[in-house]
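Please treat every number below as a calculation from the coordinates, not as lab data. Since we're looking at a predicted model, the values are computed, not measured. Backbone-built Cβ (ideal geometry, glycine too); neighbour counts: all protein chains shown.
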Amino acid sequence: MKIFVVFATCLVVISAATTTKAPDKNTKKPKREPVTLSRGWGDELEWMQTYPEALAKSAETRRPMMVIHHRDDCEYSQKLKEAFSKHQEIQKLADDHFVMLNVVSEITDKNMKPDEMSYVPRIIFVDPSLTVRGDITGPYGNRQYAYEPSDMQLLKENMVKALKLIKTEL
């Protein structure tokens, strides 16, 4: 009988420990979107997680890299992201021919600031020899690597230019 009482007590303790309380309807957490490496710049594209990983992939595949510097709290970055992600030709070029990386924190490599400035958004191309293409710039003299939503045609042309340069120079 003592064994039965000990056994029953153990079952009660175990069931109390493993029983979970139903969530309170008043304390629901807001639904969060899943975090992906695309950060909204093109969910169908393959994005590298880190700068060193992207450099290695670029060298291995002989594809140029496109590095998008942006911030989640920057209205200009958000507008550029929307235009970039909706531009089908840019998305296709990126998917077929580029190693893609988008970063929200500054990369410590000083080569990622060819004009020695840290503004966002900015887009920098790196060829497979791991050379930053300082000659592929946006339309603005004071922010050489900046693009705005209205500059998507120029960005597409610069992507094509990056592809042509690796064929002629490498």
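Across the range 78-84, rounded Karplus estimates of 3J(HN,Hα) from the backbone phi angles (6.51 cos²θ - 1.76 cosθ + 1.60, θ = phi - 60°) give 5, 5, 5, 4, 4, 5, 4 Hz, Gly and Pro being marked x. Computed from Cα atoms alone, the Kirkwood hydrodynamic radius reported for the range 56-164 is 13.9 Å. Backbone phi angles across the range 101-112, fed through the Karplus curve with coefficients 6.51, -1.76 and 1.60 (θ = phi - 60°), yield HN-Hα couplings of 9, 10, 10, 9, 10, 4, 7, 6, 5, 4, 5, 7 Hz in residue order; Gly and Pro are listed as x. Extending 7 Å from the Cα toward the beta-carbon at both E157 and E89 defines two label points whose distance is 1.1 nm. Between Y76 and K164, the modelled labels are 2.8 nm apart [label points 7 Å from Cα along Cα→Cβ]. Residues whose amide H falls under 5 Å from that of G138, counting only those 5 or more places apart or on a different chain, are Y145, A146, with hydrogens built in the peptide plane. Calculated from the alpha-carbon coordinates, the range 85-131 shows an Rg and a Dmax of 12.3, 32 Å respectively. Phi-derived couplings, Karplus 6.51 cos²θ - 1.76 cosθ + 1.60 at θ = phi - 60°, listed residue by residue for the range 148-162: 10, x, 6, 9, 5, 5, 5, 4, 4, 4, 5, 5, 5, 4, 4 Hz, with x used for Gly and Pro.
The calculated FRET efficiency for T61 paired with K110, based on their beta-carbon distance and R0 = 22 Å, is about 0.35. Which entries of K113/K161; K92/K164; K81/K156; K86/K113; K57/K156 have Cα-Cα distances beyond 24 Å here? Among K113/K161; K92/K164; K81/K156; K86/K113; K57/K156, the Cα-Cα distance tops 24 Å for K86/K113.
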